[in-house]
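Remarks on the structure that follows.
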Amino acid sequence: MKAIAWLKQYYEPVLYALALSLLVLALVKPSIQLRQQVQHYLLITDVSQSMNAEDEMLNQKKISRIAFAQHLMKQIVHKAPCGTYFSLGIFASDNVAMLQTPLEVCKNLDVITDGIDHLEWRMAWKGNSRLSFSVHAATHIYDALNQPAQMLFFTDGDEAPRVNVTIKQDLSGVQIGEFFTFVGVGGPEKVAITRYNTANKPVGYWPVSENNNAGAVGVTYADPSSDEPDPPVAYAEYDRMLSQLEEEYLKELSAEFKGSYIKGQDQEAFYQSIAAKKATASFVTDYPLRVVYLVLAILLVLASYVPDVLYRRRVEG
């Protein structure tokens, strides 16, 4: 009873003191750390030279497959809510290399988008491309991550040398199918592959005569950045190496290990399907409380006027 009587006598100072305490908390400790299930995406990009073929459209302009993949990835990043984590990797030859380990999107947006902006064909350590091998390589990367991830593998599915029985991999034992998605980029029609020199300037199109293995440009040099300043190009249309999105092959390949395939499109339905994927990781993340503190402080200040309002109503009544 004494406590209640004391509160009735000093309710205004008590409410103001509590409101002030909440304002201090909003400034000093605006968030708390909680372990929670969050989404973690591992974005892997094919950087073989067939990805330089220009058969995608963006803003009514024809762009290369790798530029379109970069656009899709950046849109996924920008649309992701705070608390989402992203890792970045590249694929070339028969292996996958990590460029960025898990980064929280809101705190590291510039770093993540800058990493995506710098993806290009000169990162490849070899000119050939074997996607079935990449699935095994991605499995090793997945096992090495600190946290599980939804793997989004952006590729045109174009291989060099072409798949045959001798190099085909058995993927039936791969266990990460539910977390692995091939994202197809490129068009259904065969187009010529733009060739670039060491300064990353287009100089023409890849010639068929340079290599018998059509596809992802299975050239023999080990370092594509060491290509000649003026490499040979196709001078006639019939001599150009042609490439297209190998959609059926990507579907067949993903089905072998119970993975999935989706065509990359700059449409809301595509981004929603990516966002709807199951959360995979458990990170300690900052849970913002500043707004909660401020709202409670305002409510406490308003509550200090309640007795006066009630008293006036009784008097007026």
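The values are calculated or read from the model by the stated rules, or taken from the named source; none is laboratory data. The structure displayed is predicted, hence computed values, not measured ones. So basically every Cβ, Gly included, is an ideal-geometry build from the backbone, and we count neighbours across all protein chains shown. Protein only, heavy atoms only, side chains kept; ligands, DNA and RNA dropped before computing areas. Shrake-Rupley method; radii C 1.70, N 1.55, O 1.52, S 1.80 Å.
The residues of the stretch 11-136 expose, per residue, 45 Å² of accessible area to a 1.4 Å probe. Annotation: amide H-H contacts under 5 Å for Lys126 (H modelled 1.01 Å from N, sequence separation of 5 or more, or interchain): Ser93. In this view, the solvent-accessible surface of Tyr305, computed with a 1.4 Å probe and all protein chains in place, comes to about 120 Å². Database remark: amide H of Tyr41 closer than 5 angstrom to the amide H of Tyr85, Phe86, Ser87, Gln150 (H placed geometrically; neighbours at sequence offset of 5 or more, or on other chains; Pro and chain starts carry no H). Solvent exposure of Leu299, expressed as accessible area, is near 100 Å², computed with a probe of 1.4 Å over the protein chains only.
Considering only protein heavy atoms and a probe of 1.4 Å, how much of the accessible area of the stretch 72-190 is carbon and sulfur, as a whole percent? C and S atoms contribute 52 percent here. Tyr85 sits among other residues whose Cβ lies under 11 Å from its own Cβ, and their net charge, with Lys and Arg +1 and Asp and Glu -1, is 0. With N counted as the residues of the stretch 46-154, its alpha-carbon radius of gyration over 2.2 N^0.38 Å works out to 1.08.
Database remark: amide H of Ser48 closer than 5 angstrom to no amide H (H placed geometrically; neighbours at sequence offset of 5 or more, or on other chains; Pro and chain starts carry no H).
Only protein heavy atoms count here; on that basis, with a 1.4 Å probe, Met123 has an accessible area of about 60 Å². Listed values for the stretch 190-202 are Karplus-derived 3J(HN,Hα) couplings in whole Hz (6.51 cos²θ - 1.76 cosθ + 1.60, θ = phi - 60°), namely 5, 10, 6, 9, 5, 9, 10, 8, 5, 8, 6, 9, x, and x replaces Gly and Pro.
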